[in-house]
1. Exactly one condition in (1) surrounded by 17 or more Cβ atoms within 10 Å (Cβ to Cβ); (2) touching a residue at least 24 places away in the same chain (Cβ under 8 Å) is not met by residue 99; state its number.
2. Of the numbered conditions (1) closer than 30 Å to residue 27 by Cα; (2) surrounded by 13 or more Cβ atoms within 10 Å (Cβ to Cβ), residue 88 satisfies every one except a single condition; which is it?
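Every number here is computed from the coordinates shown, using simple stated rules; none is lab data. Please read these numbers as outputs of a predicted model, since none were measured by experiment. Positions of Cβ are backbone-derived with ideal geometry, glycine not excepted, and every protein chain shown enters the neighbour counts.
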């Protein structure tokens, strides 16, 4: 794990109630919002339960418990379904190709 990633992991608050904005994290790390997003994605890829919230101005946090994980997962599924609907509106063939491959089994809910 590189220094920037380790620093972000140390800085991420535990629990949604303590979520911090990417902008605040970037300022503290001396980097950009975009880099915080990239590092966050890297943490997620490494298996850390990084959650996001839109409450109270939004923010990023490490999920403290199963309830927070499930709430974040529900929000992400809703976003994916919404994006699937948009894709279907723009490019039905691409939507059918993705849905037909079984990549996202819940896409049938986007109907």
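1. (2)
2. Condition not satisfied by residue 88: (1).
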